[in-house]
1. Using Cβ contacts closer than 10 Å as the measure, can you line up Val162, Val109 from fewest to most?
2. Given a 10 angstrom Cα cut-off, can you work out which residue in Ile78, Ile40, Ile11 is the most mobile in a GNM of the chain?
3. Rounded to the nearest 20 debye, what is the charge dipole size of segment 54-158 about its Cα centre when +1 sits on each Lys and Arg Cβ and -1 on each Asp and Glu Cβ?
4. Mean separation of Cα pairs under 8 Å and 6+ residues apart, divided by the residue count of the chain: what relative contact order is that in percent?
5. Would you list, by chain and number, the lysines whose Cα falls below 20 Å from the Cα of Lys163, excluding same-chain residues fewer than 8 positions away?
6. Which one of Leu72, Leu137, Leu80 has the biggest mean-square fluctuation once the chain is modelled by GNM with Cα springs under 10 Å?
7. Would you list Ile51, Ile104 from fewest to most Cβ contacts within 10 Å?
8. Just in segment 18-47: which trypsin sites (Lys or Arg not before Pro) are loop by DSSP and have at most 10 other Cβ atoms within 10 Å?
Amino acid sequence: MIIGHAPSGYILAYYLRKQSSGRGLKVSSFFGAGVIGALIPDVDMIYFHLIDNRQHHHHSYFTNYPILWRGLLIVSMIWLRANKTSKNASFTFVFCLGGFLHLILDSIVGAIWWFAPFMDKSFAMFTVPSLYKPWWLNFILHWSFGIELLFWFWAIYLYREVKCQKP
């Protein structure tokens, strides 16, 4: 997934916002936590390009390990349930859920090491054939890019709905 993570985090936060509304959250901050969480697993791209010289698939770095995001998600759920008024627990939960959603979405056409660090094998639902240069054309011209565009249209629709609800 190339452009679909940010809108997926927004959509996630949109549908969770009402459950967290009793905590006195600033809605824009809640949406921001969802979007940043959905983007943060790709922070490894900095290391991938600047230090590792693209020697290893960036999904093989620990920031893309599902066990990390599952663990963070479980801890944030415990915190959320234990403290019914904490704003930070809500922010952390939507952030961690966004990170885990990132891995699920990357699994559509990207290799994810679902059993790392215990097994060095990646899994993807579909593969994008390497037909074009530069490499990103293969993703943009693949049917899965339509899903990413759908996320953008959906997020824009929801954004407009939120803006219309404000007094």
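Coordinate-derived values only; no laboratory data. Quick caveat, the model's predicted, so the values are computed rather than measured. Please note: Cβ atoms are built from the backbone with ideal geometry, for glycine as well, and neighbour counts cover all protein chains shown.
1. Val162, Val109
2. Judging by the Gaussian network model, the answer is Ile78.
3. 280
4. This gives 29 percent for the chain.
5. Qualifying lysines at Cα under 20 Å: Lys18, Lys26.
6. Leu137
7. On the way: Ile51 8, Ile104 13.
Least crowded to most crowded, the residues run Ile51, Ile104.
8. Qualifying residues, ordered by number: Lys18, Lys26.
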